[in-house]
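One structure below.
The values are calculated or read from the model by the stated rules, or taken from the named source; none is laboratory data. None of these values were measured; they are calculated from a predicted model. Please note: Cβ atoms are built from the backbone with ideal geometry, for glycine as well, and neighbour counts cover all protein chains shown. Quick note on the areas: whole protein, heavy atoms, side chains included, nothing else; ligands and nucleic acids left out. Shrake-Rupley method; radii C 1.70, N 1.55, O 1.52, S 1.80 Å.
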Amino acid sequence: MSDPRITPDPAVARFERPAQINDVVVNLFRSTDGPRDRQLIYGDEVTHLGNSGDWAYVQSNKDGYHGYVSKDLMRQSKEPTHWVSAPSTNTYMEPDFKSPDMGHLTFGSRVLVEEDIERFVATEIGFIPSQHLQPVSIQLSDPAAVAALFLGTPYLWGGNSRWGIDCSGLVQAALLACGQPCPGDSDQQMSLGDDATGPYQRNDLLFWKGHVALVSDANTLIHANAHAMSVTFEPIKNAIERIEAAGDGPMTAHRRL
């Protein structure tokens, strides 16, 4: 049976056009009147497959996820040069941190730098501190360190940004920043890596029904969780006991990337 998250709906998919997300954070809806499944962020590449009224039916290029976004929140693709490597950043009217801020971007957003000015770069959405960007050719190497950038971020079901993220969104952001392909949902992420036994190692993935966490060290994990309603560190032993006591069952998988 095909997975509707990653299999186009033939009733809607009528063409294939490259496009790009043109807003800070955009909800990806299951249907035009349905719930949010995931989020897309500024500069994310999508394939525009069809339309339904004011809605575009798209496929997210980073993970194959399908859904609906407002047509007004897309644009023609522009090749990015840099990505946001800070948890979030502001965009400014001038290359001066005292100038009015114009907006903000979350970790992983991709931008086209037009000019490099001392300590700032010029983009079409304003000036961004150069310290908050990396060239698109640069990848990070430690997913757990990336996840730690999101500490304190509010838990948000289907969230994928510094302003709200869920367990699978956190893992996806961490792995993609390190050049490792990663699907959008925890049940899909259980296919990553290999089954592991024995002591936990940094960057192992731990799974429960509907939940995933990333190992920080042999005794500690980091996850976006509804218990704390934020991204937190938690002792692995405590998490296993707490989640099972809450009625969500035992840990179902331990995977090593």
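Tabulated data for the structure shown
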item	result
Karplus-derived 3J(HN,Hα), 6.51/-1.76/1.60, for each residue of region 109-125, Hz, glycine and proline x	4, 10, 10, 9, 7, 9, 7, 9, 10, 3, 6, 9, 10, 8, 10, 5, 10
Protein accessible area in the chain, 1.4 Å probe - carbon and sulfur %	51
In Hz, Karplus ³J(HN,Hα) per residue of region 64-76 (6.51, -1.76, 1.60; θ = phi - 60°; x = Gly, Pro)	x, 5, 9, x, 10, 10, 5, 4, 5, 9, 10, 8, 5
Kirkwood-based Rg to Rh ratio, region 56-149, C-alpha trace	1.00
For region 74-200, convex hull volume per residue from C-alpha positions, Å³	140
Average projected area [Cα convex hull, the chain], square nanometres	14.8
Inter-label distance for Gln134 and Lys98, nm, one decimal - labels placed 7 Å from Cα along Cα-to-Cβ	3.3
MRE, 222 nm, helices only [DSSP H, n ≥ 4, -39500 (n - 2.57), over the chain, to nearest 500]	-3000 deg cm²/dmol
Cβ-placed point charges (K, R +1; D, E -1), dipole of the chain about Cα centre in debye, nearest 20	280
Spatial extent of region 28-100: Rg and Dmax, with the Cα atoms as the point set, Å	15.1, 43
Student exercise, region 1-69 dipole from Lys, Arg, Asp, Glu Cβ charges, in Debye to nearest 20	60
With all protein chains modelled, accessible area of Glu115 [1.4 Å, Å²]	100
Computed label-point distance, nm, for sites Ser52 and Trp163 using a 7 Å Cα→Cβ extension	2.5
Once the Cα gyration tensor of region 6-66 is diagonalised, semi-axes √(5λ) in Å	16, 13, 11
Hits among aspartates and glutamates - C-alpha to C-alpha of Lys71 under 12 Å, sequence gap 8 or more where chains match	Asp23, Asp54
Residue-span extension gain [Arg242 to Met229] - 0.36 nm each, minus C-alpha spacing	3.2 nm
